[in-house]
1. So is Ala27 surrounded by fewer than 23 Cβ atoms within 10 Å (Cβ to Cβ), farther than 26 Å from Leu159 by Cα and in contact (Cβ under 8 Å) with a residue 40 or more places away in the chain or not?
2. What pairs can you find where one residue is in the stretch 107-132 and over 14 Å from Ile186 (Cβ atoms), the other is among the small types (Gly, Ala, Ser) and open to solvent by 40 Å² or more (accessible area, probe 1.4 Å), and their Cβ atoms are less than 7 Å apart, with a gap of 6+ or different chains?
3. Which ones in the stretch 220-237 are under 18 Å from Thr66 (Cα atoms) and open to solvent by 70 Å² or more (accessible area, probe 1.4 Å)?
4. Please work out which one of (1) buried (at least 18 other Cβ atoms within 10 Å of the Cβ); (2) under 21 Å from the mean Cα position of the chain (by Cα) is the condition Ala187 fails and give its number.
5. Regarding Thr217, is this residue over 25 Å from Arg86 (Cβ atoms), at pLDDT 95 or above, open to solvent by 60 Å² or more (accessible area, probe 1.4 Å) and within 18 Å of the chain's Cα centre (by Cα)?
6. Name the single residue that is least open to solvent (accessible area, probe 1.4 Å) among those in the stretch 198-214 being in a helix (DSSP H, G or I) and of a type outside the set (A, V, I, L, M, F, W, C).
7. Are there any pairs, at least 6 apart or on different chains, whose C-beta atoms fall under 9 Å, with the first in the stretch 36-58 and closer than 17 Å to Thr76 by Cα and the second among the β-branched types (Val, Ile, Thr), and if so, which?
8. Can you tell me how many residues in the stretch 86-96 are more than 16 Å from Leu35 (Cα to Cα) and in contact (Cβ under 8 Å) with a residue 12 or more places away in the chain?
Amino acid sequence: MKSSGVELARADYHDLDSMAAAMSGAAAAFIVGVLGPEYAETDRALVAVAREVGVRRIVKLSAIGTGEPGLGRVGTWHIPGEEAARASGLEWTVLRPSSFASNTLSWADAIRSGQPVPNLTGTGSQGVIDPRDIAAVAVEALTTTGHTGHVYTLTGPELLTTADQAAALATVLGHPLEVVDVPEDIAREHMIAAGMSPEFVEGALAGQAYVRAGGNTIRTDDVRQILGRPPRTYAEWAADHAAAFTPTSADQSIR
């Protein structure tokens, strides 16, 4: 299927033949697996299929802190994919972004209903990055030379706590936002109730604890060096996505 000059292909990560058909004819591939311990083989399979169908360059989306012992099990989830990329014989680049600005979309329902912003990371700060900057770096790595064999740690321009992000959103929305710390046992209960596997939950909570302890207070210049411009701020992202946090008529009728 083609739309606006772009050829669209559907595939299922668990159906390697469909993945091969989707990648066939591509010169480069952006490898985005499914995060979690139960999907360790997904990235390996994606890399293997890319090589088999003739893809010459791959860009693997990983995560900041991958391989760091202090991060615990969540720090190992991208290792199989990174190792597969390095061993593939293809031109490879690994992107390790910090916390996505879009992660705060998980606060949208609470904010629209007048509830406080949940905080699992205490006063720990992170180099929150706009996903659009990650995408722009990926495009550069996929389409230009000079990135083979590089591991880029992608962060925004500021180190921000949950309270900092809530304050930026409050400025955009024009009203104050309360922030409430969520105990780990309560967070665990909610995640299990949402259908997440116990191993995923424990890994995710270990990641939050790592941030709370200051382990992710990392800011790099990689985005500026690759794109030739500074990364976007969280405030810019918030301004562009304010509608997601603004009550709708349906929200108002529920109250």
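1. On the way: surrounded by fewer than 23 Cβ atoms within 10 Å (Cβ to Cβ): yes; farther than 26 Å from Leu159 by Cα: yes; in contact (Cβ under 8 Å) with a residue 40 or more places away in the chain: no.
No, not satisfied.
2. Gly124/Ala213
3. Within the stretch 220-237, the subset under 18 Å from Thr66 (Cα atoms) is 220, 222.
Once the filter is applied, which keeps residues that are under 18 Å from Thr66 (Cα atoms) and open to solvent by 70 Å² or more (accessible area, probe 1.4 Å), the stretch 220-237 yields nothing.
4. All conditions pass for Ala187, except number (1).
5. Numbers: over 25 Å from Arg86 (Cβ atoms): yes; at pLDDT 95 or above: yes; open to solvent by 60 Å² or more (accessible area, probe 1.4 Å): yes; within 18 Å of the chain's Cα centre (by Cα): yes.
Taking the combined requirement at face value, the residue satisfies it.
6. Of all residues in the stretch 198-214, those in a helix (DSSP H, G or I) come to 198-212.
Imposing the further condition that a residue be of a type outside the set (A, V, I, L, M, F, W, C) reduces the set to 198-199, 202-203, 207-208, 210, 212.
Numbers: Pro198: 90, Glu199: 95, Glu202: 65, Gly203: 0, Gly207: 16, Gln208: 61, Tyr210: 46, Arg212: 99 Å².
Once the filter is applied, the top-ranked residue is Gly203.
7. Pro37/Val74; Pro37/Thr76; Ala40/Thr76; Ala40/Ile79; Thr42/Val34; Asp43/Ile31; Asp43/Val32; Asp43/Val34
8. Step one: filter the stretch 86-96 for residues more than 16 Å from Leu35 (Cα to Cα), giving 86-93.
Now narrow it down to the ones that are in contact (Cβ under 8 Å) with a residue 12 or more places away in the chain: 88-93.
Residues in the stretch 86-96 being more than 16 Å from Leu35 (Cα to Cα) and in contact (Cβ under 8 Å) with a residue 12 or more places away in the chain: 6 in total.
The values are calculated or read from the model by the stated rules, or taken from the named source; none is laboratory data. Just so you know, these numbers come straight off a predicted model, no measurement behind them. Virtual Cβ from ideal backbone geometry, glycine too; neighbours counted across all protein chains shown. All accessible areas refer to the heavy atoms of the entire protein, side chains included, with ligands and DNA or RNA removed. Shrake-Rupley method; radii C 1.70, N 1.55, O 1.52, S 1.80 Å.
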